[in-house]
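A short write-up of the structure that comes next.
No lab work stands behind these numbers, since they all come straight from the coordinates. Please read these numbers as outputs of a predicted model, since none were measured by experiment. Quick reminder, even Gly has a Cβ in these numbers, built from the backbone with ideal geometry, and neighbours come from all protein chains shown.
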Amino acid sequence: MQEQRLREWIAADPLRMRALHIARELDLPDWCIAAGFVRNLAWDKLHRFDTPTPLTDIDLIHFDPVRSDPEHDFALEARLAAVDNDLPWSVRNQARMHLRNEDAPYQSTLDAMTYWVELETATGVRLDESGQIEIVAPFGLDSLFAKKVTPNRKRYKPAAFSERLAKKNWLWIWPELQIDV
């Protein structure tokens, strides 16, 4: 039920569908658009907002151990900007992000997402070959739909969690959210 509802919300959002179609054209391995792209839309809908909260970036993540240098991601961002410069693209290959985060090497995009700071941020979407919306959510959708912000116990970083809460103003933007510690 939650997955279908989220698919409907994404499908009804022209900006998100445009971004998904553009991203799919890159033909990246194990990709999705995640984080605020999905989380913010869900919280907007659950808060009954008429206007979507503006996206500060569009987090296109993928897993490619063969081409894991940051320059490749910058080149992908340039390609995306050449197609649609109005979209704030951010491309990150999860095959190298374990280095920045001081984790063991990730095995896939889904595995990398299990190390993110909050459970609700670890939600992504992609278009399959037939254009259907696929949900990528290692922790499921229950807490997202319950309007919670939950620190990830797998990689518990309370300081980073608190910093993100303050910096992103989530509780001000979406006042019905509850911190689930």
### Summary
Percent relative contact order for the chain, counting Cα pairs under 8 Å at least six residues apart, stands at 22
### Query
In region 11-110, which chymotrypsin sites (Phe, Trp or Tyr not before Pro) are in a loop and have at most 14 other Cβ atoms within 10 Å, using DSSP for the loop call?
49
### Message
Using DSSP to call loops (not H, G, I, E or B), can you name the trypsin sites (Lys or Arg not before Pro) in region 1-81 whose Cβ has at most 15 other Cβ atoms within 10 angstrom?
### Response
48
### Message
For the chain, take every pair of Cα atoms, bin their distances at 5 Å starting from 0, and report each bin as a whole percent.
### Response
1, 8, 17, 21, 21, 17, 11, 3, 0
### Message
What does the C-alpha gyration tensor say about the overall shape of region 107-154? Classify as rounded when a/c is under 1.5, otherwise prolate if a/b is larger than b/c, or oblate.
### Response
oblate
### Query
How would you classify region 60-148 from its alpha-carbon gyration tensor, with a ≥ b ≥ c the square roots of the eigenvalues: rounded for a/c under 1.5, else prolate if a/b is greater than b/c, otherwise oblate?
oblate
